[in-house]
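Taking it in order: structure first as structure tokens, then the write-up.
The values are calculated or read from the model by the stated rules, or taken from the named source; none is laboratory data. Keep in mind it's a predicted model, so treat the numbers as computed, not measured. Methodologically, a virtual Cβ is constructed for each residue, glycine included, from the backbone with ideal geometry; neighbour enumeration extends over all protein chains shown.
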Amino acid sequence: MVAPMKSARGTRHLAGGVLITLGGLLLLASAAAKLARVPRIVAQLGAFGFGGHRLMLIAIAEILSSLLFLVPRTRSAGLLLVSAFLGGAIATHMQHDQSVLQPAVVLTLLWLGAWLRHPETLWSVGPLPFGAPVPAQQTASSDRRPWTWDRSWRLVPWLSRFVLLGATVIFSLIAEKYLADPVATAATFKISLGSAAAVTNMRVGFGAFPLGFALVTLGCLVSGRRHLMGLWFVMTVIGAATAARLLGLVVDGPAQESLKVLRPELLLLTLSSVGLVLESYRRRQPPVLTSQTQATGGQPGPA
């Protein structure tokens, strides 16, 4: 049982490390845009009252807090600093009637990654997952009932199927639009295709690749043995897309189309990360003995 628990913790730590790195790099990219004085960023923060030297102070604070968060030894202090920094950003956006989605998304990624990598961070909220070390404060309370997963594990494959089905539908819809009419689809984003080669490249890059992604997730959906691989695939693809979209929101400025797409991407990224951890741990659970197998010493009884 020790080896499966260690393997499950390794999977959880890896998923948390990916989200931690993603969130930290987004903060560093945001700070770099401020230091480079990207016109759109300067204008937006100037309207908030953060111009001149204040803009540089914000960039420096953003760099310091993100670096402290990325370094494991100082991550607890870094989590407090980035939470305070992004909380202030959310309050500023609300004060000026701006969307709070961008800082809220980054803050969610950071806390989700910190919880997966260090589950003791939220030990007082509920039971710790996957055999994580229990803090002394929690072991001292003897009135808390033990938390078991005996029947809950049956729901995990359905979560995996839900995530893979959602990814298959999303990839298929994207592929269908660009394969059927790439010119009209690109025009909705004010993209002009001036040659036959441009139309073909749009079909290949935005139609054929998502179609291939849909076929991969569909193959993993119909085979229970490939659920774990499919979740890894979905988390990788959607995580890269979400990171690029958040970087675009920071550097290029918010766009209504990007904000609409960001919500389902973030939801799918969260579900695939959680599903990956749960599915990986479920596969390492020992089989549950029935009363018949217990009576026969763990061996199946006569047919």
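Against the condition of a type in the set (G, A, S), at pLDDT below 80 and either closer than 14 Å to A114 by Cα or assigned by TED's automatic domain parsing to the domain that holds L110 (or both), how does S7 come out, does it pass?
yes
Take the residues in segment 178-224 that are assigned to a helix (DSSP H, G or I) and touching a residue at least 60 places away in the same chain (Cβ under 8 Å), then tell me which one is surrounded by the most Cβ atoms within 10 Å (Cβ to Cβ).
Result: L221.
Among what's in segment 40-81 and is among the charged types (D, E, K, R), without any contact (Cβ under 8 Å) to a residue 40 or more places away in the chain and surrounded by 13 or more Cβ atoms within 10 Å (Cβ to Cβ), pick the residue that is nearest to H96 (Cα to Cα).
R54
Looking at G301, G253, can you tell me which residue is surrounded by 13 or more Cβ atoms within 10 Å (Cβ to Cβ) and either at pLDDT below 80 or not in a helix (DSSP H, G or I) (or both)?
G253
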